[in-house]
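These notes are about the structure you will find just below.
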Ligand SMILES: NC(=O)c1ccc[n+]([C@@H]2O[C@H](COP(=O)([O-])OP(=O)(O)OC[C@H]3O[C@@H](n4cnc5c(N)ncnc54)[C@H](O)[C@@H]3O)[C@@H](O)[C@H]2O)c1
């Protein structure tokens, strides 16, 4: 936190968020940081799945000195995973985030296998296999028969219901969500998911491990997409409305957002995350695809990975370019669509993107998904790159003023009553009532 140059009031706010994140609790009265105990000493950790996330998690664990076993399906996948790890070490060395000594330490702590039986002495297992409930349940059922009774199971799922996942276990209290962010070896933020069956001691163990691997864990409750992706989905949905309803181009939207102070525009980010990944997230949660997503998916424009998404990317240099094809799609889809909410200037566009996100944050607080507003902010600063000077989404909302925020959101809700982005939180409704009363 020392390296972040931020105004003193924001800095103090983030320091408070940091200490509240350690004093973890949720309004579920099933235990908190004071009553919970770490389940013994953690010495041996396994990561299952050596893909994008698994490799990053394994590096973080091995770097902290845990004996770390990385598991893949078969030898071919394991060979590929080791080649990708070597590429990562070289890149990290170039960026001076790793040196030869640290790489050696990681390599000597990392072990590879294709045999789940090798995990019988593990204290913690984190799965990072494909986002598929059946696959994850089958895996945990096998591990349940192999591992010690006191071994904690963590899942890196970004959207699946961990209560349902835990049902495959003989003791369903030992499954906890440990949701890392990509790239997992670098991003400090980890969302710890306290499922309805999860024991307080499993949560405490996840917190302890995160502390050891130098991550900042924040506790959230189990809900579709958990907290971070739930707010992010609102932000991206609003972004895409700017294209398919208002006819704005990706570069125009990204430019407005960057001018506001974000390092990256939302459509550049969407291309990096993958439009196919968003499709999976939506499918899992029964959220409908919007017209622009449907059209891009139909054309296999998944983002950077296919060199085409909201933008196109040069095959050799990977340089981002505007794409006339996307602009044509936007023109066709948005043509003749009625715009009930009026957006006149760039600030209106920013409000359109961020106000519903703030409202979603209030909904999460009301549902008991997270304990404090400032924890949402620290998650977005450390997990999303939200500029600390703007303080995170909730602090941004407060700085706008609850009066203005609630009046605007109430108006949008009345104009678009069926749109779930404008389903008002009680906090916003109360602020609207107070605003009305103050005018009488
Ligand atoms: N990619 C992200 O940005 C991101 C971010 C947060 C969470 N997640 C979640 O992390 C998990 C993994 O995502 P990813 O992007 O790393 O996927 P990926 O496709 O890059 O990697 C998955 C890996 O799991 C391996 N695998 C599949 N079944 C296996 C099995 N039975 N045993 C051992 N290995 C097996 C595959 O061979 C593959 O290498 C998913 O649940 C995803 O939702 C992804």
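The values are calculated or read from the model by the stated rules, or taken from the named source; none is laboratory data. Everything quoted here is computed from the prediction, not taken from an experiment. Counting neighbours? That spans all protein chains shown, and the Cβs are built from the backbone with ideal geometry, glycine included.
When you go through 48, 69 one by one, which is the residue that is assigned by TED's automatic domain parsing to the domain that holds residue 158, surrounded by 23 or more Cβ atoms within 10 Å (Cβ to Cβ) and more than 11 Å from the ligand (Cβ to nearest atom)? The unique qualifying residue is 69.
Here 264, 269, 278 are screened, and the one residue that is surrounded by fewer than 20 Cβ atoms within 10 Å (Cβ to Cβ), under 28 Å from residue 391 (Cα atoms) and within 16 Å of the ligand (Cβ to nearest atom) is 264. Selection of segment 314-324 for residues being surrounded by 13 or more Cβ atoms within 10 Å (Cβ to Cβ) and outside any loop (DSSP other than H, G, I, E, B) yields only 320. Taken over segment 420-433, the criterion of being within 24 Å of residue 239 (Cα to Cα) and modelled with pLDDT under 95 is satisfied by 420 alone. Listed by position, the helices (runs of 4 or more DSSP H) contained in segment 260-306 that have at least 2 residues being assigned by TED's automatic domain parsing to the domain that holds residue 237 and either on the phi > 0 side of the Ramachandran plot or under 15 Å from the mean Cα position of the chain (by Cα) (or both) are 266-273, 275-284.
If the condition is being without any contact (Cβ under 8 Å) to a residue 40 or more places away in the chain and crowded, with 16+ Cβ neighbours inside 10 Å, then segment 283-294 contributes only 289. Within segment 101-121, identify whether any single residue is within 12 Å of the ligand (Cβ to nearest atom), in a loop (DSSP other than H, G, I, E, B) and over 27 Å from the mean Cα position of the chain (by Cα), and answer yes or no. Within segment 101-121 (the criterion being within 12 Å of the ligand (Cβ to nearest atom), in a loop (DSSP other than H, G, I, E, B) and over 27 Å from the mean Cα position of the chain (by Cα)), the answer is yes, since at least one residue qualifies. Taking the criterion of being assigned to a helix (DSSP H, G or I) and surrounded by fewer than 17 Cβ atoms within 10 Å (Cβ to Cβ), the residues of segment 90-100 that qualify are 90, 91, 93, 94, 100. Residues that are crowded, with 21+ Cβ neighbours inside 10 Å, in a helix (DSSP H, G or I) and within 14 Å of the chain's Cα centre (by Cα) do not occur anywhere in segment 246-253. Checking each residue in segment 326-377 for being at positive phi and over 19 Å from the mean Cα position of the chain (by Cα) picks out only 336.
If you filter segment 159-192 down to residues that are surrounded by fewer than 18 Cβ atoms within 10 Å (Cβ to Cβ) and in a helix (DSSP H, G or I), you find that the one that is nearest to the ligand (Cβ to nearest atom) is 164.
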